[in-house]
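The values are calculated or read from the model by the stated rules, or taken from the named source; none is laboratory data. Treat the numbers as computed from the prediction; the structure is a model and nothing was measured. With ideal geometry, Cβ positions are generated from the backbone for all residues, glycine too; neighbour counts draw on all protein chains shown.
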Amino acid sequence: MNIKSGLLYWPTTFPHNHVEYGPLEENIECDYIIVGSGVSGAQSAYFLSNTGASVVLVDKRKIAHGSTIANTGLIQYVNDKPLFACIDSFGKEVGVRFYQLCLDAVKGIEEITKNLEIDANFMLRKSLYYASDQAGKEMLKAEYKALIENGFPVEKFSKEDIKHRYQFEKESALFTSNDAELNPFKYVHGILQYVIKRDVKVFSETEVKSLISTKNGVELFTDRHVSIKAKKVIFASGYESLELKKDKNAVLSSTYAIVTESFLKHEAWYENSLIWETARPYLYLRTTNDGRIIVGGKDEYTSIPEQRDAKLHHKKDQLLKCLIELFPLYKDVKVEYYWAGIFGSTHTGLPMIRQYPEYPNCYFLMGFGGSGMIYSYIFAKIICDLVITGFNPDAHIFMN
């Protein structure tokens, strides 16, 4: 699958002397095989590495060169489907538990970064979630009520509050704490360097071409004519897992992002918070540790690469225009990096863990949605429990 295109930023932030991973050249056996070296695969390897199990991770590309390299690194517990809508759809117990898992994941990701030798540029942030229009204003009222009633950290900002702190005018906004940002590319490389010291074997440029069920689990066959035998397989290949098995709940589209030149000397705006809006598709903004601004959004409802890429330069200009409309003082800023990528969501609004009868002993992790970093963490913890003990109390939320 053609996942992304354009001039990508994250690879430029990582030193050229980082560890290289070669392909698998001989048959191998293990307890668990992870297919995919993005945030889902890396975090799954992280938790499994602490269990004593033998783990192998493979990726058909270089490490973290799928969707992760196009991830903009926003970590927010309030996500695309508001809490009040989750409660309406799934009931209060499940809706609130889902949001609690998302909130807990921010702290969990922070704890992982503390164990890594590579600095993933993790930074706790707050988020401004502003109303794009009158409908958005009403939605934020309902969301504020749901968050407050269920104990989640949130403030309500008036028009005057927003103007005072951000110098632009919006009718209302929610201001959430306990969010974060990081560099997803460095995060994955940091995790994999951590797990290889705990005997996890990691191979790049090794594509799984087929698999068969065996009496002891599964055997996978690669493009290099070698096999991997395992008890269980974790497909952490993101949107590309849909090439192996379609799922009627999945929706693919295209999204765009830009990164400005490094020019900030101080805060870009109030507390360098993450910024996003109620419109769908939505605009979002963040800063970087080296003084840049990342702007993303302007999604298109197509997953055809040629159609996506034909709009890339126009979308780049649109995203820059959006930045300047919010913050006119950046009218002379230049865009240095820009890209387009596949974006996955679901009809239900919940990410998915799937098992299919035709793929016994296989788990498919589909952290689809705007909070993919958070979903990947939640799923990595769940999948560790499922393959080791066969049970996790929260798995049912994502497996229905």
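Of the residues Asp309, Asp223, Asp247, which single one is under 22 Å from Val335 (Cα atoms) and not aliphatic (A, V, I, L, M)?
After applying the criteria, what remains is Asp309.
List every residue pair whose Cβ atoms lie under 6 Å apart, where the two residues are 6 or more positions apart in sequence or sit on different chains, the first residue falls within the range 214-234 and is more than 19 Å from Gly22 (Cα to Cα), and the second residue, located anywhere, is outside any strand (DSSP E or B) and not small (Gly, Ala, Ser).
Sorted first by the residue in the range 214-234, then by its partner, the pairs are Gly217/Lys231; Gly217/Asn361; Val218/Asn361; Ala230/Cys30; Lys231/Asp31; Lys232/Asn361; Lys232/Val387; Ile234/Ile383.
Can you work out which of the residues in the range 331-346 that are touching a Ser or Thr at 6+ places or on another chain (Cβ under 9 Å) and β-branched (Val, Ile, Thr) is surrounded by the most Cβ atoms within 10 Å (Cβ to Cβ)?
Taking the candidates together, the pick is Ile342.
Is there any pair with a first residue in the range 316-334 that is farther than 19 Å from Ser132 by Cβ and in the same structural domain as Val259 (by TED's automatic domain parsing) and a second that is assigned to a loop (DSSP other than H, G, I, E, B) and of a type in the set (Asp, Glu) whose Cβ atoms are under 6 Å apart and which are 6 or more apart or on different chains, and what are they?
Between residues of the range 316-334 that are farther than 19 Å from Ser132 by Cβ and in the same structural domain as Val259 (by TED's automatic domain parsing) and residues that are assigned to a loop (DSSP other than H, G, I, E, B) and of a type in the set (Asp, Glu), the close pairs are Lys334/Glu261.
For Glu306, which of the numbered conditions (1) closer than 30 Å to Glu261 by Cβ; (2) in contact with a Leu (Cβ under 8 Å, 6 or more places away or on another chain) fails to hold?
(2)
In this structure, does Ser376 turn out to be of a type in the set (S, T, N, Q), within 29 Å of Ile212 (Cα to Cα) and surrounded by 19 or more Cβ atoms within 10 Å (Cβ to Cβ)?
Yes, satisfied.
Here's the yes/no breakdown for (1) outside the structural domain of Asn272 (by TED's automatic domain parsing); (2) assigned to a loop (DSSP other than H, G, I, E, B); (3) buried (at least 24 other Cβ atoms within 10 Å of the Cβ):
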site: Thr12; (1), (2), (3): yes, no, no
site: Ser37; (1), (2), (3): yes, yes, yes
site: Ala64; (1), (2), (3): yes, yes, yes
site: Asp80; (1), (2), (3): yes, yes, no
site: Phe84; (1), (2), (3): yes, no, no
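Across the range 14-35, what is the total count of residues that are in contact with a strand residue (DSSP E or B) (Cβ under 8 Å, 6 or more places away or on another chain) and either farther than 17 Å from Ser204 by Cβ or in a loop (DSSP other than H, G, I, E, B) (or both)?
Residues flagged as in contact with a strand residue (DSSP E or B) (Cβ under 8 Å, 6 or more places away or on another chain) and either farther than 17 Å from Ser204 by Cβ or in a loop (DSSP other than H, G, I, E, B) (or both) within the range 14-35 amount to 9.
All but one of (1) over 21 Å from Pro281 (Cβ atoms); (2) assigned to a helix (DSSP H, G or I); (3) of a type in the set (Gly, Ala, Ser) hold for Ala120; state the number of the condition that does not hold.
(2)
Could you count how many residues in the range 293-315 are touching a residue at least 40 places away in the same chain (Cβ under 8 Å), within 28 Å of Gln167 (Cα to Cα) and under 20 Å from the mean Cα position of the chain (by Cα)?
The total comes to 6.
Quick one: would you say Gln167 is on the phi > 0 side of the Ramachandran plot and over 19 Å from the mean Cα position of the chain (by Cα)?
When the stated conditions are applied, Gln167 passes them.
A quick yes/no check of all residues on (1) at pLDDT below 95; (2) more than 17 Å from the chain's Cα centre (by Cα); (3) acidic (Asp, Glu):
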position: Ser227; (1), (2), (3): no, yes, no
position: Val233; (1), (2), (3): no, yes, no
position: Ser241; (1), (2), (3): yes, no, no
position: Lys245; (1), (2), (3): yes, yes, no
position: Leu252; (1), (2), (3): no, no, no
position: Ala257; (1), (2), (3): no, no, no
position: Thr260; (1), (2), (3): no, yes, no
position: Tyr270; (1), (2), (3): no, yes, no
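Can you confirm whether Asp119 is within 30 Å of Pro328 (Cβ to Cβ), of a type outside the set (Lys, Arg), touching a residue at least 40 places away in the same chain (Cβ under 8 Å) and surrounded by fewer than 14 Cβ atoms within 10 Å (Cβ to Cβ)?
Against the criterion (within 30 Å of Pro328 (Cβ to Cβ), of a type outside the set (Lys, Arg), touching a residue at least 40 places away in the same chain (Cβ under 8 Å) and surrounded by fewer than 14 Cβ atoms within 10 Å (Cβ to Cβ)), Asp119 does not qualify.
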